[in-house]
Amino acid sequence: MSARYRVYLDTCMFSPLQLQPTAALRLAMNAGTETLSQKVMELALLHRKHRLSVVVTGSRIKYIKPFTYFSADFIQVDSSLALLREGTLLRSVNQLKVGHDTVVEAEFINRFVKMSGGPALDAAPAALPRELWFEPDDMADVPAQRKLKAQVALIRQDSEKLGSAQYSFRLSRDECELADQWQWVMLPSFVSRNRESMIFDSGDKRLSVGLRHPIARWESEWFRPLFLGNEAQVTTDAHIKDGMLFFLHSVEEKLPFDDQQDKTRLCAVAVEHFCLTQDV
Amino acid sequence: MKFVFSGALLRFVQFEKEVAIDRNTLEDCLRRLMLKFPDLERALLDNQGNIRQTHQMFLNGEAIEKGVYSDASARQAFSVEDDDSVYILTAIAGG
């Protein structure tokens, strides 16, 4: 563990049921940035000195113990960092603790990119220079390769489908970061409204677990960014299997090529897991 | 022909998603475009006048090979028609 600090809780971080996924990912990003500054250098300095930045490729949240706004006044964040794949990937694992108990674990994987030097902040995949490599913190070994699409295929294959929903949106600057591309921490917000629409519009009571129970686990992978003004469509399928309810989301960019063709490109996939019979 | 923009380049063309240009080659069209939007030049081209590797171009929905549009002489040899549409895309930004 590299960084440890205290975060005071506010009501916007929570739903009635749990820490919001966007808040968990935001805390993880802040903690990862803090840890990077200790192990390598401040992210802004990495930008200025090496024209390096990071883009997200994956995230995961595990809700380990019941945790609401009323559980504590503050949490402690313990953050760990490791380099993967010859310095091309950065993994940040962050334990959110009440006292000694880890209540939520939020992690993400970043890819290093080298910026071209142009004002659009355009960039291409790169590695952290070897002279900046650091000793990794201890953390459970998790393969860095993308595997969520395969997991989604397995869930689809061997489960009962309960419903499907789709909606479109245009990305707002308020949802973007420095380079006018989407804030990755907002992905839970983009997809969860589709889950909720499906529940509100459906008569299937099993689906309502997706509002009555807290999310047990969140997983996501990113393939390309959305930018300010891009039109996107979110497709969500609900599946039930082995006491779990899964909402499988994909976010695709609508390409502005030909009105007749309706071309899209996959930007991200996400899976929300809910326990049918017990709250976290 | 028309240029179509989205994403990180939009702010350099004052958020006009489509810009029509009346010229016969890709290079002449680009030069005309950059006269209209001077801030676009540094965003799109490197110091040698080549399209930065981080941008991709599509002609009527099909990806164009980088060698065909990267440098000015190649772009000058690239003819465009009135009803062509060239989409310029930024793959990743390091924000």
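Find the helices (runs of 4 or more DSSP H) located wholly in chain B whose residues include 1 or more that are of a type in the set (Phe, Trp, Tyr) and more than 12 Å from every other protein chain (Cβ to nearest Cβ), and list them. Step through it out loud before you land on a result.
On the way: elements: B:26-36, B:39-44, B:66-69, B:72-76.
Passing ranges, in order: B:66-69.
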| Counted residues, the range A:39-75 - those being within 14 Å of chain B (Cβ to nearest Cβ) and touching a residue at least 24 places away in the same chain (Cβ under 8 Å) | 9
| Subset of the range A:55-82 [hydrophobic (A, V, I, L, M, F, W, C), touching a strand residue (DSSP E or B) at 6+ places or on another chain (Cβ under 6 Å) and farther than 16 Å from A:Ala106 by Cβ] | A:Val55, A:Ala72, A:Phe74
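Okay, residues lined up against (1) within 22 Å of the chain's Cα centre (by Cα); (2) charged (D, E, K, R); (3) away from chain B (no Cβ under 14 Å):
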| position | (1), (2), (3) |
| --- | --- |
| A:Glu131 | no, yes, yes |
| A:Asp137 | yes, yes, yes |
| A:Tyr167 | yes, no, yes |
| A:Trp182 | yes, no, no |
| A:Gly203 | no, no, yes |
| A:Leu211 | yes, no, yes |
| A:Glu219 | yes, yes, yes |
| task | Looking for whichever is without any contact (Cβ under 8 Å) to a residue 24 or more places away in the chain and not assigned by TED's automatic domain parsing to the domain that holds A:Asp204 here; the options are A:Ala153, A:Ala124. Which one fits? | result | A:Ala124
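Yes/no per residue for (1) in the same structural domain as A:Ala165 (by TED's automatic domain parsing); (2) in contact (Cβ under 8 Å) with a residue 40 or more places away in the chain; (3) more than 17 Å from A:Ser168 (Cα to Cα):
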position	(1), (2), (3)
A:Gln183	yes, no, yes
A:Val191	yes, yes, no
A:Gly210	yes, yes, yes
A:Thr264	yes, no, no
| note | Note on the range A:147-170: residues farther than 21 Å from A:Leu187 by Cα and among the polar types (S, T, N, Q) are A:Gln157, A:Ser159
| Within the range A:97-116, can one find any residue that is outside any strand (DSSP E or B) and in contact with a Ser or Thr (Cβ under 9 Å, 6 or more places away or on another chain)? | yes
| Given B:Met34, B:Met57, which one is at pLDDT below 95 and hydrophobic (A, V, I, L, M, F, W, C)? | B:Met57
| said: Among the numbered criteria (1) touching a residue at least 40 places away in the same chain (Cβ under 8 Å); (2) part of a loop (DSSP other than H, G, I, E, B), which one does A:Asp78 miss? | reply: (2)
| Counting only residues that are part of a strand (DSSP E or B) and charged (D, E, K, R), which one in the range A:231-257 is modelled with the lowest pLDDT? | A:Lys254
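Each row is one residue, and each column tells you yes or no for (1) surrounded by fewer than 16 Cβ atoms within 10 Å (Cβ to Cβ); (2) of a type in the set (A, V, I, L, M, F, W, C); (3) touching a His at 6+ places or on another chain (Cβ under 7 Å).
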| position | (1), (2), (3) |
| --- | --- |
| A:Asp10 | yes, no, no |
| A:Ala23 | no, yes, no |
| A:Gly32 | no, no, no |
| A:Gln38 | yes, no, no |
| A:His50 | no, no, no |
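Please report, ordered by residue number, the helices (runs of 4 or more DSSP H) entirely within the range A:118-229 with at least 3 residues that are buried (at least 21 other Cβ atoms within 10 Å of the Cβ).
A:187-201
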| So, of the residues in the range A:20-34 that are without any contact (Cβ under 8 Å) to a residue 60 or more places away in the chain and more than 20 Å from A:Asp10 (Cα to Cα), which turns out to be nearest to the other protein chains (Cβ to nearest Cβ)? | A:Thr33
| task | Name the one entry in B:Glu41, B:Glu27 that is of a type in the set (Asp, Glu) and crowded, with 20+ Cβ neighbours inside 10 Å. | result | B:Glu27
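The values are calculated or read from the model by the stated rules, or taken from the named source; none is laboratory data. On a predicted model such as this, the values are computed, not experimentally measured, just so you know. Here the Cβ is made from the backbone with ideal geometry for all residues, glycine too, and neighbour counts use every protein chain on show.
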